[in-house]
Amino acid sequence: MAIREILRMGDPRLLRLAQPVTEFDTDALHLLVSDMLDSMRAVNGAGLAAPQIGVDLQLVIFGGNERNPRYPDRPLVPPTVLVNPLVTPLGDVQVDDWEGCLSVPGLRGMVPRWEAIRYTGFDQYGDPIDRSVNGFHARVVQHECDHLVGKLYPMRVRDFSKFGFTDILFPELSAAEDD
Ligand code: NI
């Protein structure tokens, strides 16, 4: 168990196409998941992708059983480890909402995402996951899976009048915020 350094935007390792995981239920994979959980919780992240700690694998974690102080008004998302994910939009509706990212500390931007998606993949034991979700849950999954194809949310911002510093945009969050 260890808290790993989270890479920040500008690091070329955040721009890679991540490789699929080929072996499940291994010590190495369980250690990686454990480190990612520690690293995400240490900074109140809503999610974390393996490339954010410099690991070139298709693995993301997100959600939790407690409300996140960085996103206090958002619904709970079940704690999930998702390996080799595939995301498919359900319908053609996109919605705008604010996003932040542990690799882009201190900033938030308005990002369009599919309102509803189906995502499939596996957990760390190799058991299949297949969920159809919408709203914040769908947004978190799209954000995290974007990290696996080298995309950070600022690359999806369309209206840069809605991109700025978290403590200016949301002064009420500043006490709970460290990014
Ligand atoms: Ni992110």
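No lab work stands behind these numbers, since they all come straight from the coordinates. Given the structure is predicted, the values throughout are model-derived calculations rather than measurements. Virtual Cβ from ideal backbone geometry, glycine too; neighbours counted across all protein chains shown.
Where does the charge balance sit around ASP56 when Lys and Arg score +1, Asp and Glu -1, over other residues with C-beta under 10 Å from its C-beta? That works out to +2. Helix 27-42 axis versus longest C-alpha principal axis of the chain: approximately 20°, rounded to the nearest ten. Take the Cα of ARG41, step 7 Å along the line toward its Cβ, and report every residue of region 54-75 whose backbone nitrogen sits under 11 Å from that point. Output list for this probe position: 65-66. With all pairs of different C-alpha atoms in the average, the Kirkwood value for the hydrodynamic radius of the chain is 16.4 Å.
Evaluated with a Cβ-only charge set (Lys, Arg +1; Asp, Glu -1), region 12-173 carries a dipole of roughly 480 debye about its Cα centre, given to the nearest 20.
One decimal place: the segment ASP56-THR120 gains 21.1 nm when fully extended, by the rule 0.36 nm per residue minus the C-alpha distance. The fraction of all Cα pairs in region 8-63 landing in successive 5 Å bins from 0 to the largest distance is 4, 19, 28, 25, 18, 5, 0, given as whole percents. Positive contributions from Lys and Arg (+1) and negative ones from Asp and Glu (-1), summed over other residues with Cβ under 11 Å from the Cβ of LEU17, come out at +1.
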